[in-house]
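S.K.: Before I ask anything, let me first share the structure, which is written out below as structure tokens.
What follows is calculated from the coordinates using simple rules that are stated; it is not laboratory data. The shown structure was predicted, so the numbers you read here are calculated from the model rather than taken from an experiment. Backbone-built Cβ (ideal geometry, glycine too); neighbour counts: all protein chains shown.
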């Protein structure tokens with residue numbers, strides 16, 4: 001039963017970016033491609049062979065697979081309603097964050113491995129933005145660990161209860177921080193524009209310029225998977241513990257679709273920030289997480 | 001509910017430091033006025049009715065509507081540059097304000113007093129120092145006045161913490177409001193643009209020998 005979260009996340013990831021693209025095309029007055037078009041693109045790439053540059057080494061070849069497997073590994077930890085994830089132990093949210101960081105690290109060194117100056121630039125940006133987003137995630141999860149008294153995803157989400165005004169404020173703040181962290185980690189609109197094809201302004205896209213065929217397909221699919229994973233975290237946060245299974249599945253899918261539509265709306269109505277505005281934007285998240293920590297201390301009565 | 005409103009006030013401080021346009025500053029000040037109205041409406045339960053009505057009217061009419069509207073009018077009338085033009089980059093500002101919030105948090109945690117609600121102390125101290133920071137790092141006179149308004153909001157929050165016991169302190173906070181309006185009027189009447197010196201420097205260019 002504990003694999004139900006994994007199955008749901010993988011199912012959602014199949015059409016997540018399809019919903020985002022569809023929302024964007026509807027909002028800009030076009031009909032747009034079908035919801036499964038990104039999946040078809042990935043499938044087409046999977047059937048192709050990869051071309052490797054002569055200057056690259058083994059790292060460039062194994063990095064996409066490691067990236068994919070780390071994200072899959074991270075999904076194992078995400079619980080679903082009253083069922084724990086496939087793996088669950090005390091302090092697993094630290095492991096979760098650093099498994100993701102390992103995948104990102106391999107993507108960064110594989111981008112450096114190609115010897116292209118553009119890719120090195122993108123890699124440096126990606127490293128900077130992940131570094132700035134990391135304290136926000138840890139202060140957020142740490143506050144909730146303090147609030148509930150447990151340190152694993154499953155126990156934290158299962159013991160989180162909303163009741164007072166302060167807890168609703170905290171819930172809103174936490175959802176906000178998680179949504180923006182998801183946007184930053186996936187290099188989406190306010191920070192990075194996935195549609196630009198100007199190397200100077202790209203972040204994630206520029207890192208995978210040299211990847212082709214199967215590897216490129218794997219990277220594209222991993223992005224979808226990562227989005228669905230963050231959506232699942234948000235959904236877990238909002239689903240109350242002890243909800244019946246069929247309701248929980250419905251709410252889960254609803255929240256994921258809502259998240260995808262919201263990403264599409266944000267991307268349609270916001271322009272990409274100038275590069276030097278990004279660090280402050282991401283760092284604001286950490287400031288807001290510190291407020292969340294203050295709110296948790298208020299709720300616990302350690303501070304009044 | 002009070003806690004939620006006060007946390008919102010701190011978030012508006014963070015936003016104020018990274019905001020670029022002066023109109024955004026005025027909008028945030030008006031928002032803070034409404035938040036203060038909510039806080040004083042909930043918190044001041046033990047003071048006399050006339051005093052309460054006076055305070056609520058002062059927050060919602062004066063802080064939230066009149067002063068921001070007048071600031072906008074002055075910006076338009078005096079042709080003040082619409083950008084905030086800080087000396088330091090916004091990234092450093094966010095870091096400094098976060099440090100201010102954490103520091104005031106740690107500082108107020110050392111107070112051992114059951115009478116005082118410490119959340120008020122945190123919010124007012126951070127508003128005070130943020131206002132000071134805005135004054136120090138911005139070039140234009142009008143942003144100095146806005147920083148002073150933030151400081152004054154902080155003083156108002158602190159006075160709310162003890163407002164039920166000492167209503168006089170709130171009235172002192174309102175006195176500060178009147179002082180600010182005199183400052184804004186001064187800017188308007190003297191037609192001060194971006195900075196004070198600019199006017200004099202322009203006259204020097206007209207010198208002939």
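S.K.: Using only the alpha-carbon atoms, how far is helix B:90-109 inclined from the longest principal axis of chain B? Give it as 0 to 90 degrees, nearest 10.
M.R.: Compared with the principal axis, the helix lies near 30 degrees.
S.K.: What's log10 of I(q)/I(0) for the protein assembly as shown at q = 0.10, 0.12, 0.13 Å⁻¹, Debye sum over Cα points only, no solvent?
M.R.: -0.89, -1.15, -1.26
S.K.: Which distance in nm do the two modelled labels at residue B:81 and residue B:56 give, with both placed 7 Å along the Cα-to-Cβ direction?
M.R.: 4.4
S.K.: Using a Förster distance of 30 Å, how high is the FRET efficiency between residue A:268 and residue A:37, based on the Cβ-Cβ distance and rounded to 0.05?
M.R.: Once the sixth-power term is evaluated, E becomes 0.95.
S.K.: Output the 0 to 90 degree angle, nearest 10, between the alpha-carbon long axis of helix A:245-269 and the longest principal axis computed from the alpha carbons of chain A.
M.R.: It is inclined by approximately 50 degrees.
S.K.: Sorted from fewest to most neighbouring beta carbons within 10 Å, what does the list B:63, B:76 look like?
M.R.: Ordered from fewest to most neighbouring Cβ atoms within 10 Å, B:63, B:76 come out as B:76, B:63.
S.K.: Right, here's the next one. Evaluate Rg over Rh across the range A:4-300, taking Cα atoms for both radii and Kirkwood's formula for Rh.
M.R.: The Rg/Rh ratio comes out at 0.96.
S.K.: Hey, another quick one. Please give the calculated 222 nm ellipticity per residue for the protein assembly as shown, where each DSSP H segment of at least 4 residues contributes -39500 (n - 2.57) and the sum is spread over every residue; nearest 500 deg cm²/dmol?
M.R.: After summing the helix terms and dividing by residue count, I get -24000 deg cm²/dmol.
S.K.: Once R0 is set to 45 Å, what does the formula 1/(1 + (r/R0)^6) return for the Cβ-Cβ distance between residue A:30 and residue A:3, expressed as a FRET efficiency to the nearest 0.05?
M.R.: According to the calculation, E is roughly 0.70.
S.K.: For the range B:1-99, count all C-alpha to C-alpha pairs, find those more than 19 Å apart, and express that count as a whole percent of the total.
M.R.: Pairs farther apart than 19 Å: 53 percent.
S.K.: So what is the relative contact order of the range A:153-242, in percent, for Cα pairs below 8 Å that sit 6 or more residues apart?
M.R.: 39
S.K.: Still on this structure, I have one more. Arrange B:49, A:200 by Cβ neighbour counts within 10 Å, fewest through most, would you?
M.R.: If I rank by nearby Cβ atoms, fewest first, I get B:49, A:200.
S.K.: Provide the descending list of Cα extents for the range B:2-204 along its principal axes, expressed in whole angstroms.
M.R.: 60, 38, 23
S.K.: Once each part is reduced to its C-alpha centroid, what is the distance from the range A:265-304 to the range B:81-125 in angstrom?
M.R.: The two parts, judged by their Cα centres, are 15 Å apart.
S.K.: Please report B:77, A:31 as a ranked list, fewest other C-beta atoms within 10 angstrom at the top and most at the bottom.
M.R.: Lowest count first: A:31, B:77.
S.K.: Output the 0 to 90 degree angle, nearest 10, between the alpha-carbon long axis of helix B:141-161 and the longest principal axis computed from the alpha carbons of chain B.
M.R.: Rounded to the nearest ten degrees, it is 10.
S.K.: For the range A:94-175, what Kirkwood radius comes out of the mean inverse Cα-Cα distance, in Å?
M.R.: Across the range A:94-175, the inverse of the average 1/r is 15.0 Å.
S.K.: Sort B:96-105, B:175-184 by the packing proxy (mean of other Cβ within 10 Å over each peptide's residues), most packed first.
M.R.: The packing order, highest mean first, is B:96-105, B:175-184.
S.K.: Need one value for B:6-15: mean number of C-beta atoms belonging to other chains within 10 Å of its residues' C-beta atoms.
M.R.: Shielding by partners across B:6-15 averages 4.
S.K.: Can you tell me, using C-alpha contacts under 8 Å and at least 6 residues apart, the relative contact order of the range B:2-204 as a whole percent?
M.R.: Across the range B:2-204, relative contact order equals 24 percent.
S.K.: Follow-up. Could you calculate the FRET efficiency of residue A:243 with residue A:57 from 1/(1 + (r/R0)^6), where r is the beta carbon distance between them and R0 is 35 Å, rounded to 0.05?
M.R.: So the FRET efficiency works out to roughly 0.10.
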